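The block underneath contains the structure these notes are about, expressed in structure tokens.
The values are calculated or read from the model by the stated rules, or taken from the named source; none is laboratory data. If you're wondering where the values come from, they're calculated on a predicted model, not measured in any experiment. Cβ placement follows ideal geometry from the backbone for every residue including glycine, while neighbour counts extend to all protein chains displayed. The protein model used for the area step is the full one, side chains on, heavy atoms only, and it has no ligands, DNA or RNA in it. Shrake-Rupley method; radii C 1.70, N 1.55, O 1.52, S 1.80 Å.
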Amino acid sequence: GLYLAESLVKSDGQLRLGPAADGPKVVLVLGCPGAGDIAEILDTIDVHVSSGSSVHILSRTPVAEREEWILQHLKMTGRSNFDRISVQQYEGESTNKWDMTKLPLASASCALILAERLRDDESTLAVDSRNLTSAIFLKQKLDELIQASGGAMPRSVSTATNMTVMTTFTDASGPSTAAGSRGKKCKMVTELLDAKSETVLDGNAGVRKQGSFMYTNARETAIYALAVEHREVYELFIQLADPYCGIGFVTVAPIHHYVTGIEDLSYHQLQRRVWNSCKGVLLGWRDFTKFHPELNPDQKDEVIEWDDMGNLELIILRPPDEVPDQCRSPSVQAGGLPRT
């Protein structure tokens, strides 16, 4: 049969990399890393989410100061507002449960907990301790919403002080649910700066369950090392990571886009369908019943049974569609150089 890939760029300019991007999103941001960084982050969110999405920022930095950062960024790129998102600001501490209640927790699609230094000489360990505490408290608040709706689930109660993390568990009776009355799971990503933080998390399964973690400084070091040793690979990586570059995108597609009913197919046979639909390369797949995706499978001739009703998505590197002006880098639209 003929399998047709969905367009990457929607009519409003959204760069849609997978079905999870469908529909307006509510994005929580705890912490504001600085003028240039927060503006770049908002631009990245803006290009990937649907129209009508909103971003809610909680930070101890005064609201007026943050709004001025964003306004100056928009002016520099010839805009008065973002294309698809609205931004709402809240002033408060990201480690304060009361301040967290200012955020629309019940409707949140995802949350970013970003590193925000309270002073220039603050240690990375202190920043990470605060971010871990924010992640723990936010997870607890989301769990409380579930329990208040009648669904109950095991709770982890943790504290993080100077990177010493203590976790205890209490059992709650009743059916367990991942989303409760919220109707969906809120994906949490926490930024950590210090190299010791990863070691701490490796030894504490309770904290690892609070969400995903992004080790910014370690990743930057690895990228710089890649630039020195393998310049060509580094340049390709940078281009693929830039939503405005347009050489190609890593996307996901549900298995039913390429399989009808139950079929026995090898990687090569499935790759042929992907190529015919979008000239893409099948990088692997993600089975949601497993923790990690399977990338570049070794046994590419092995025949696997595929079910179009399965909870599985394909990971595909595909070339871009023709990118409309709305999806081009704001700096390029304003006559500047594209960001790398």
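Suppose the filter is aliphatic (A, V, I, L, M), under 19 Å from residue 94 (Cα atoms) and touching a Pro at 6+ places or on another chain (Cβ under 6 Å); does residue 55 pass it? Spell out how you get there, then give the answer.
Numbers: aliphatic (A, V, I, L, M): yes; under 19 Å from residue 94 (Cα atoms): yes; touching a Pro at 6+ places or on another chain (Cβ under 6 Å): no.
Criteria not met by residue 55.
Name every residue in segment 55-64 that is surrounded by fewer than 18 Cβ atoms within 10 Å (Cβ to Cβ) and either farther than 23 Å from residue 135 by Cα or in contact (Cβ under 8 Å) with a residue 40 or more places away in the chain (or both), in order of residue number. Can you show your working first?
First, the residues of segment 55-64 that are surrounded by fewer than 18 Cβ atoms within 10 Å (Cβ to Cβ): 60, 62-64.
Across segment 55-64, the qualifying residues are 60, 64.
Counting only residues that are modelled with pLDDT of 85 or more and out of contact with any helix residue (DSSP H, G or I) (no Cβ under 8 Å at 6 or more places or on another chain), how many does segment 201-220 have?
3
Suppose the filter is surrounded by 14 or more Cβ atoms within 10 Å (Cβ to Cβ) and under 25 Å from residue 36 (Cα atoms); does residue 106 pass it? Working first, answer last.
Numbers: surrounded by 14 or more Cβ atoms within 10 Å (Cβ to Cβ): yes; under 25 Å from residue 36 (Cα atoms): no.
Considered against the rule, which asks whether it is surrounded by 14 or more Cβ atoms within 10 Å (Cβ to Cβ) and under 25 Å from residue 36 (Cα atoms), residue 106 comes out as no.
Among helices (runs of 4 or more DSSP H) lying entirely in segment 179-275, which contain 2 or more residues that are farther than 27 Å from residue 112 by Cα and in contact with a Phe, Trp or Tyr (Cβ under 9 Å, 6 or more places away or on another chain)? Working first, answer last.
Values: elements: 195-202, 205-208, 216-229, 231-241.
Per the criteria, 216-229.
Looking only at segment 90-107, how many residues end up being touching a residue at least 24 places away in the same chain (Cβ under 8 Å) and either among the hydrophobic types (A, V, I, L, M, F, W, C) or in contact with a helix residue (DSSP H, G or I) (Cβ under 7 Å, 6 or more places away or on another chain) (or both)?
Of the residues in segment 90-107, 10 are touching a residue at least 24 places away in the same chain (Cβ under 8 Å) and either among the hydrophobic types (A, V, I, L, M, F, W, C) or in contact with a helix residue (DSSP H, G or I) (Cβ under 7 Å, 6 or more places away or on another chain) (or both).
Would you please list the contacts, defined by Cβ atoms under 6 Å and residues six or more apart or on different chains, that run from a residue in segment 297-314 that is farther than 14 Å from residue 283 by Cβ to a residue that is surrounded by fewer than 11 Cβ atoms within 10 Å (Cβ to Cβ) and aromatic (Phe, Trp, Tyr)?
Going by the 6 Å Cβ cut-off, the qualifying pairs are 311/288.
Give me a count of the residues in segment 1-42 that are open to solvent by 40 Å² or more (accessible area, probe 1.4 Å) and under 19 Å from residue 280 (Cα atoms). Lay out the reasoning, then the answer.
The initial filter retains those residues of segment 1-42 that are open to solvent by 40 Å² or more (accessible area, probe 1.4 Å), namely 1-2, 4, 6-7, 10-12, 17, 19-20, 22, 24-25, 33, 35-37, 40-41.
This time we only want the ones that are under 19 Å from residue 280 (Cα atoms), so: 1-2, 4, 6-7, 10, 17, 19.
Within segment 1-42, residues that are open to solvent by 40 Å² or more (accessible area, probe 1.4 Å) and under 19 Å from residue 280 (Cα atoms) number 8.
Would you check if there is a residue in segment 226-240 being of a type in the set (A, V, I, L, M, F, W, C), touching an Asp or Glu at 6+ places or on another chain (Cβ under 6 Å) and modelled with pLDDT of 80 or more?
Filtering segment 226-240 down to residues of a type in the set (A, V, I, L, M, F, W, C) leaves 226-228, 233, 236-238, 240.
Applying the additional criterion that residues be touching an Asp or Glu at 6+ places or on another chain (Cβ under 6 Å) yields none.
Checking segment 226-240: not a single residue is of a type in the set (A, V, I, L, M, F, W, C), touching an Asp or Glu at 6+ places or on another chain (Cβ under 6 Å) and modelled with pLDDT of 80 or more.
Select the strands (runs of 3 or more DSSP E) contained entirely in segment 276-323, then report the ones holding at least 1 residues which are at positive phi, at pLDDT 90 or above and not hydroxyl-bearing (Ser, Thr, Tyr).
Numbers: elements: 281-287, 304-307, 312-318.
Hits in segment 276-323: 281-287.
For segment 195-212, what are the residues that are open to solvent by 90 Å² or more (accessible area, probe 1.4 Å), without any contact (Cβ under 8 Å) to a residue 12 or more places away in the chain and over 20 Å from the mean Cα position of the chain (by Cα)?
Of everything in segment 195-212, those that are open to solvent by 90 Å² or more (accessible area, probe 1.4 Å), without any contact (Cβ under 8 Å) to a residue 12 or more places away in the chain and over 20 Å from the mean Cα position of the chain (by Cα) turn out to be 199, 202.
Out of all the residues in segment 65-86, which are open to solvent by 50 Å² or more (accessible area, probe 1.4 Å), closer than 27 Å to residue 141 by Cβ and in contact with a strand residue (DSSP E or B) (Cβ under 9 Å, 6 or more places away or on another chain)?
Within segment 65-86, 67, 86 qualify.
Let me spell it out: the conditions are (1) under 19 Å from residue 16 (Cα atoms); (2) of a type outside the set (Lys, Arg); (3) open to solvent by less than 50 Å² (accessible area, probe 1.4 Å), and residue 281 meets all of them except one. Which number is the exception?
Of everything listed in (1) under 19 Å from residue 16 (Cα atoms); (2) of a type outside the set (Lys, Arg); (3) open to solvent by less than 50 Å² (accessible area, probe 1.4 Å), residue 281 misses just condition (3).
List the number of the failed condition for residue 245; all other conditions in (1) free of Cβ contacts under 8 Å to residues at least 40 places away in the same chain; (2) open to solvent by 50 Å² or more (accessible area, probe 1.4 Å); (3) farther than 30 Å from residue 311 by Cα hold.
Result: residue 245 fails condition (1) only.
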